[in-house]
Each structure stands twice: as C-alpha cells, then as structure tokens.
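Q: Could you have a look at this structure, given as structure tokens, before my questions?
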C-alpha cells in the first residue's frame, strides 16, 4: 500500500536525486580497431576498472543503479480514486481527502520516473562523451560507426545538437570484442606470444641468477604472454612444467627432483607449488654477492652495505688556472 505521507515521499526522492556520477577520468586512448590482443586486453582492463564504479555499468547490464533505489515507483495497485458522494454525506470530506492523496501519489510516481530517465540519459551522454575522447585519436571509424548507430534523433532534434547513447556504445563494443578474434593484428599477436614462450624456454637464465630473476620470468609469462595464446594451453601440470623449465641449466637436476617430488605428492597440477619450490632452489644457488647487492638496492642503500662508512668525496679544486676568478686586469691567474 502506498504511503499517504506526501512530505515523506518528497523528502525521500530529493535526498540524492540530483547527484550524478560520471567518474570517467583516466580512460586511455583506444589502441585502434586492429590492435594486438594484449593492447586490446590492456585497454579493456583499464576501461572496465574505471566504469565499474559508475552508474553506466548497471545501465549497460539492463538494470538500475542501486543508489537510485529510492526513486523506484510505489505500488498503486490497490490505491485508486473513489467516487465522491454528495456534499451532504458524512463521508464527503474523507473521499475528497483520499482522492487528493491518490493524485499526489500518482504525480510523485511520475516525477520519480522523470528523474530516473534524467539520470539514465545523463549517464549515457557522459559515457558517450568520454568514449568520443578515447576513440577519436586512433579508432575514429569505430567511433563514427557507433555514433551513427546510436544517435538519439528525438533528443538531438529537440536540443539542436547530436545526442548519443553511451550505454549502447558499450554494449556494441563488447559484442564486437567477443567477435573480433580474427582481425589481422590480433591473429598475428597470438602467434608472436606463443613464439616468445618458445624463446623463453630455449633461453635459460644464467647460472647463479637471483630468485627475483626467476620470479620475473615466470611473471612475464603469466601476464604478457600466456593470456594471449591460442594453440598452446598452459594450466595445471603443463604450467608447472613451464616454470621448472625456466630454472638455470646448472639446476636441471633440481628441476627433475622437484618434478619427481610433486608427482609423488600429487601436486604437479599445482603451478604455484612448483614455482615456490623452484624459486627456493634458485635462491639457494644464487650468487651471494649479486643477491646482497639486489637487496641493498631494494632497501634503498644504493649498493652500500648498512653501516658501511661513506666514501670520501673528491676534493674541490680551488683557484686553479682553469677556474680561478679573473684578476683585476682581466686575465686569469
């Protein structure tokens, strides 16, 4: 049943009704329609992270933002005007008052609907403007195609300027992303990333390298290459084997020992366990001088061991013929 407290209804609808959230600052320039798989993935990762806190992500999913829940229409199913009796009847004033409340409730629902529409369109045009800035430098053809497809003719005519639905832009872009795996650069990038993995396996880390060097190589595979494989698939046991293959040649025996232990424990399908054990073996065999230098740099000692005396600075040469001030006569000493 709808509340009869009209003041309360207005207070609820006004509490945050005019608070818009754009928040599209930081969207990078789009890499282009024929971008590589990694370029495209990096752009979408940043873009999705930015819009995740905006209303647009909800509208694009076909739902209203939770923060606008107070603008949902009230259920007036059983709340309608009644026939007003004659003025001489005792129920006359009660019926008049009831009908006045019903009309106020209907008007409030209409007002809430208008505010919801305003919020949605403000979000749509804000996103369209942000995408215009991101797409225009390197993906102008994509931008023009989206604008042609999702221009709101009614609003554009009414306002005298082009109005675009950014939420529709987003849905179209996501659909094209899902279907865009056969573009030339993306197809070539799949092959390149797989070739880089083969190079990584063939190029061993130097004997005595640090555990950080080994970890960096594993992270490079995880973040820069394996997500963009198409014919190769590294997961579970095959990923564990890849990590172990990155160990220096001098530790080939350790790599085999770790693999045997993991097989016996039934953990060869746990790549993190394989990487952790391999990293310990690499750290144990690392050059201590290089490890200490790396730790000193990481801790901000600039390569100087903690507590070691500072090297004396070079003496400052004063009044040498090259830098002595000129004599009153204008010649150097």
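The values are calculated or read from the model by the stated rules, or taken from the named source; none is laboratory data. None of the values given here were measured: they were computed from a predicted structure. Neighbour counts run over all protein chains shown; Cβ positions are idealised from the backbone, glycine included.
Q: Residues in region 79-102: is at least one in contact with a helix residue (DSSP H, G or I) (Cβ under 8 Å, 6 or more places away or on another chain) and part of a helix (DSSP H, G or I)? I'd like the intermediate steps shown before the answer.
A: Narrowing region 79-102 to residues in contact with a helix residue (DSSP H, G or I) (Cβ under 8 Å, 6 or more places away or on another chain): 79-86, 101.
Remaining after also requiring part of a helix (DSSP H, G or I): 101.
Yes, region 79-102 has at least one match.
Q: Oh, and also: Out of region 153-180, which residues are farther than 20 Å from residue 54 by Cβ and touching a strand residue (DSSP E or B) at 6+ places or on another chain (Cβ under 9 Å)?
A: Result: 156, 162.
Q: Looking only at region 200-207, decide whether some residue is out of contact with any strand residue (DSSP E or B) (no Cβ under 6 Å at 6 or more places or on another chain), under 18 Å from residue 38 (Cβ atoms) and modelled with pLDDT under 95. Even if it seems obvious, please write down each step before you answer.
A: As a first pass, look at region 200-207 and keep what is out of contact with any strand residue (DSSP E or B) (no Cβ under 6 Å at 6 or more places or on another chain): 200-207.
The next check asks that each one be under 18 Å from residue 38 (Cβ atoms); those that pass are 200.
Pick out the ones that are also modelled with pLDDT under 95 and you get 200.
Yes, region 200-207 contains at least one residue that is out of contact with any strand residue (DSSP E or B) (no Cβ under 6 Å at 6 or more places or on another chain), under 18 Å from residue 38 (Cβ atoms) and modelled with pLDDT under 95.
Q: Quick test for you: out of 230, 277, pick the one residue that is touching a residue at least 12 places away in the same chain (Cβ under 8 Å), surrounded by 14 or more Cβ atoms within 10 Å (Cβ to Cβ) and more than 24 Å from residue 42 (Cβ to Cβ). I'd like the intermediate steps shown before the answer.
A: Working: 230 fails: more than 24 Å from residue 42 (Cβ to Cβ).
Answer to the selection: 277.
Q: Same structure, new question: Which pairs have Cβ atoms under 6 Å, sit 6 or more apart or on different chains, and link a residue in region 68-81 that is assigned by TED's automatic domain parsing to the domain that holds residue 107 to one that is outside any helix (DSSP H, G or I) and surrounded by 14 or more Cβ atoms within 10 Å (Cβ to Cβ)?
A: 74/2; 76/2; 79/2
Q: Still on this structure, please answer the following. If a residue has to be part of a helix (DSSP H, G or I) and more than 16 Å from residue 210 (Cα to Cα) to count, how many in region 256-287 make the cut? Give the steps one after another, and end with the answer.
A: Taking region 256-287 and keeping what is part of a helix (DSSP H, G or I), we get 256-265, 271-284.
Next, from what is left, pick out any that are more than 16 Å from residue 210 (Cα to Cα): 256-265, 271-274.
Selection size over region 256-287: 14.
Q: What are the residues in region 250-272 that are touching a residue at least 24 places away in the same chain (Cβ under 8 Å) and surrounded by fewer than 20 Cβ atoms within 10 Å (Cβ to Cβ), if any?
A: Answer for region 250-272, where residues must be touching a residue at least 24 places away in the same chain (Cβ under 8 Å) and surrounded by fewer than 20 Cβ atoms within 10 Å (Cβ to Cβ): 250, 254, 269, 270.
Residue by residue, here is whether (1) under 30 Å from residue 31 (Cβ atoms); (2) at pLDDT below 95; (3) crowded, with 17+ Cβ neighbours inside 10 Å holds:
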position: 113; (1), (2), (3): no, yes, no
position: 117; (1), (2), (3): no, yes, no
position: 127; (1), (2), (3): yes, no, yes
position: 131; (1), (2), (3): yes, no, yes
position: 139; (1), (2), (3): yes, yes, yes
position: 144; (1), (2), (3): yes, no, no
position: 159; (1), (2), (3): no, yes, no
position: 164; (1), (2), (3): yes, no, yes
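Q: Oh, and also: Kindly list the number of the only condition in (1) at pLDDT 95 or above; (2) not in a helix (DSSP H, G or I) that fails for residue 64.
A: It fails just one condition, (1).
Q: Next question, about the same structure. Is there a residue in region 188-210 that is surrounded by 13 or more Cβ atoms within 10 Å (Cβ to Cβ) and within 30 Å of residue 128 (Cβ to Cβ)?
A: yes
Q: Another question about this same structure. When residues of region 228-248 are filtered for being touching a helix residue (DSSP H, G or I) at 6+ places or on another chain (Cβ under 7 Å) and either more than 19 Å from residue 276 (Cα to Cα) or in a helix (DSSP H, G or I) (or both), how many remain?
A: Qualifying residue count, region 228-248: 11.
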